[in-house]
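Asker: Below you will find the structure I want to go over with you.
Nothing in this text is a laboratory measurement; each read-out follows from the coordinates by a stated rule. A quick note: this is a predicted structure, and the numbers were derived from the prediction, not measured. For neighbour counting, all protein chains shown are included, and Cβ atoms are generated from backbone atoms with ideal geometry for every residue, glycine included.
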Amino acid sequence: MSHLIEEYAKNLGVKISSPVLKDHYFPVLFDKYITIHQPSDMPSKTYSHYDVVISLLKPFLERAKIKIVQLGGNKKIEGVDSALNISFKQQAFVLSNSLAHLGCDSSLAQLSSHKKIPTVTLCGNAFASNVKPVFSSGSLNTTLEPEWDKKPCFNSEDPKKQIDTIKPELIAESVLKYLKIEKEKIRFTTKYIGPSFLSPVVEVVPTSFVPLRLLPEQRLMVRCDYGCNEDAFLEYCFKYPVMISSKDLIQPHGLKKIAHNLSNFYLFIDEKWDTIPDNYFNILKNMNINLSMIVKKEKYLNDIRNKYFDIPVSLYSDSTKAPCNFSEDARFMSSLRLIEGGKEYLSYAHWKKGLDTNNKVLDTPEYWNESDHFYIYERD
């Protein structure tokens, strides 16, 4: 398939020519800056790891006194110096003085190409050959695309979010290539990005109470299966929207106190359990509490499912193998926060070892069992 602009020209019976746009002035506080564009209405083109890209660029940009200006997007990208919600013609003016432009394939990328500004373009829902900037030479354009799973989605929504498989260090290196400010390479290698890395989870071990900050609409997972003090447990359940994970049943009179904040009850169960009376399930249902049972040993799964056929019963996910090769110096970021007594841990394995200020990869089964939440990387 040819480039989209060629298809448009052929079907409309017109010739391809340079765009004509009158820029509208907009004041920018910085003398030297690059621009970054994030679309607000195209999830398949929305790159999720710009914060990592910016963290890699920042040391180089700060030494050269270069700022980052964001154009577009529903929210400010972490690390940018300014985020502008302005018209397209004003964006064009800001773009005119940019040292380089980074963003998805869009009208801004094409305009940047037309203005002969070095442009790094990310493809999220179409092949690079279909959408790359066309108004300047290849020496001013770098177009990055994922290793497609057969083909792009060609849609505004991509269930696989393939754009996020483009590695941040590759994007950062492409930008630095055009700025020509330092010869040193970015010494960062992405090893693995878990499928749940972008989904924040806050868990607490309720052995003592400490105030927490949650995101809007976020629920706290209370891990009674790791340890529990009744007073601390009730305090968390009174003050925050919660889910509970436990190895023991909670008596109905206890649930009644916290039912207004409790949405889900995850109960770890095995073959040794006595039969749970039917009226217990009815009580939870009347309180609008969703009960799910989790079985750790597969050989008991079918028996327990038959015993409690009206209740969701699932097998505990026990992935104990490393999803990637890594060195002893590998580090990780985590979307999981496990909190106990004011200390914060990046994984259950770190909590178990008392490593609250540590982001080193631990080669243990407990660590790898939560690897869906991790971004593992290495630095030279």
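Asker: Quick query: amide H of Cys104 versus all other amide H atoms, modeled in the peptide plane; which residues come in under 5 Å with a sequence gap of 5 or more or a different chain?
Answerer: Hits under the 5 Å cutoff: His37, Leu122.
Asker: Then there's this: Order these by the 10 Å Cβ neighbour count, fewest first: Arg379, Arg223, Arg213, Arg337.
Answerer: Numbers: Arg379 10, Arg223 22, Arg213 6, Arg337 16.
Going from sparsest to densest Cβ surroundings: Arg213, Arg379, Arg337, Arg223.
Asker: Hey, another quick one. How large is the dipole of the chain about the Cα centre if only Lys and Arg carry +1 and Asp and Glu carry -1, each at its Cβ, rounded to the nearest 20 debye? Provide the component values of the computation, followed by the final result.
Answerer: Numbers: 48 positive and 46 negative charges, 253 e Å.
With only Lys, Arg, Asp and Glu charged at Cβ, the dipole is about 1220 debye.
Asker: When the Karplus curve 6.51 cos²θ - 1.76 cosθ + 1.60 is applied with θ = phi - 60°, which whole-Hz ³J(HN,Hα) does each residue of segment 263-271 get, with x for Gly and Pro?
Answerer: 9, 9, 10, 9, 10, 7, 9, 9, 5
Asker: Given the convex hull of the Cα atoms of the chain, what is a quarter of its surface area in nm²? Don't skip to the end; give the middle numbers.
Answerer: Values: hull surface 96.3 nm².
The number I arrive at for the chain is 24.1 nm².
Asker: Compute, for segment 263-361, the length of the dipole vector about the Cα centre, with Cβ point charges of +1 (Lys, Arg) and -1 (Asp, Glu) only. Units Debye, rounded to 20.
Answerer: Details: 14 positive and 13 negative charges, 37 e Å.
Value, rounded to 20: 180 debye.
Asker: Next question. Which of these, Leu61, Leu198, Leu315, has the largest mean-square fluctuation under a Gaussian network model of the chain (Cα springs below 10 Å)?
Answerer: With Cα springs under 10 Å in the chain, the top fluctuation among Leu61, Leu198, Leu315 is at Leu315.
Asker: Count the DSSP beta bridges whose two residues both fall in the chain, then state the antiparallel fraction as a percent rounded to the nearest 5.
Answerer: Working: 13 of 57 bridges.
Around 25 percent antiparallel, to the nearest 5.
Asker: Let me ask something else about it. Any idea which of Met287, Asn306, Phe268 is furthest toward the positive side of the dipole for segment 226-380, if Lys and Arg beta-carbons carry +1 and Asp and Glu beta-carbons -1?
Answerer: It is Met287, whose Cα lies furthest towards the positive end.
Asker: Work out the charge dipole of segment 4-186 with +1 on the Cβ of Lys and Arg and -1 on the Cβ of Asp and Glu about the Cα centre, then indicate which of Gly124, Pro27, Leu12 is farthest towards its positive end.
Answerer: Selected residue: Pro27.
Asker: Among the listed pairs Lys239/Lys343; Lys58/Lys183; Lys272/Lys321; Lys160/Lys360; Lys32/Lys167, which are separated by more than 24 Å between their Cα atoms?
Answerer: Values: Lys239/Lys343 19 Å; Lys58/Lys183 15 Å; Lys272/Lys321 29 Å; Lys160/Lys360 29 Å; Lys32/Lys167 26 Å.
Listed pairs above 24 Å: Lys272/Lys321; Lys160/Lys360; Lys32/Lys167.
Asker: If you don't mind, another one. To the nearest whole percent, what portion of all C-alpha pairs in segment 4-186 is separated by more than 31 angstrom? Don't skip to the end; give the middle numbers.
Answerer: On the way: 2013 of 16653 pairs.
Summing the P(r) of segment 4-186 above 31 Å gives 12 percent of all pairs.
Asker: Per DSSP H run of at least 4 residues, take -39500 (n - 2.57); add these up for the chain, divide by its residues and hand me the 222 nm value, nearest 500 deg cm²/dmol. Don't jump to the answer; show the numbers that get you there.
Answerer: Numbers: 12 runs with 99 residues, N = 380.
After summing the helix terms and dividing by the residues of the chain, the value is -7000 deg cm²/dmol.
Asker: Nearest-5 percent of antiparallel DSSP beta bridges in segment 191-380? Could you put the intermediate results ahead of the total?
Answerer: On the way: 10 of 35 bridges.
Approximately 30 percent, going by the DSSP bridge assignments.
Asker: Moving on to the next point. Based only on other Cβ atoms within 10 Å, what is the fewest-to-most ordering of Tyr377, Tyr192?
Answerer: Ascending number of Cβ neighbours within 10 Å: Tyr192, Tyr377.
Asker: Mind checking the angle between helix 50-63 and the chain's longest principal axis? C-alpha axes, 0 to 90 degrees, to the nearest 10.
Answerer: 50 degrees
Asker: Give the residue from Asn97, Asn141, Gly354 lying farthest towards the positive end of the charge dipole for the chain; charges sit on Cβ (+1 for Lys and Arg, -1 for Asp and Glu) and the dipole is referred to the Cα centre.
Answerer: Of the candidates, Asn97 comes out farthest on the positive side.
Asker: Also: Could you list Thr119, Thr165 in order of exposure, starting from the residue whose Cβ has the fewest other Cβ atoms within 10 Å? Intermediate values should be presented prior to the final figure.
Answerer: Details: Thr119 31, Thr165 15.
Ranking Thr119, Thr165 by Cβ neighbours within 10 Å, fewest first, gives Thr165, Thr119.
Asker: Continuing with the same structure: Can you tell which of Tyr33, Tyr226, Tyr348 shows the greatest fluctuation in a Gaussian network model of the chain with Cα springs below 10 Å?
Answerer: Tyr226
Asker: Still on this structure, I have one more. Checking the cross-link filter: which aspartates and glutamates have an alpha carbon closer than 14 Å to that of Lys191, excluding same-chain neighbours under 8 positions apart?
Answerer: Result set, ordered by chain and number: Asp164, Glu169, Glu328, Asp329, Asp372, Glu378, Asp380.
Asker: While we're looking at this one, here's another question. Between the DSSP loop rule and a limit of at most 12 other Cβ atoms within 10 Å, which GluC sites (Glu not before Pro) in segment 187-247 are left? Write down the numbers at each step before the final one.
Answerer: Values: sites: Glu203, Glu217, Glu230, Glu235; in loops: Glu217.
For GluC sites (Glu not before Pro) across segment 187-247 that sit outside H, G, I, E and B with at most 12 neighbouring Cβ atoms in 10 Å, the list reads Glu217.
Asker: With only Lys, Arg, Asp and Glu charged, each at its Cβ (+1 for the first two, -1 for the last two), find how big the charge dipole of segment 4-186 is about the Cα centre; round to the nearest 20 debye.
Answerer: The dipole magnitude comes to about 480 debye.
Asker: Near the amide H of Asp23, under 5 Å away, which other amide H atoms are found, from residues 5 or more places off or on another chain, if H is placed in the peptide plane?
Answerer: none
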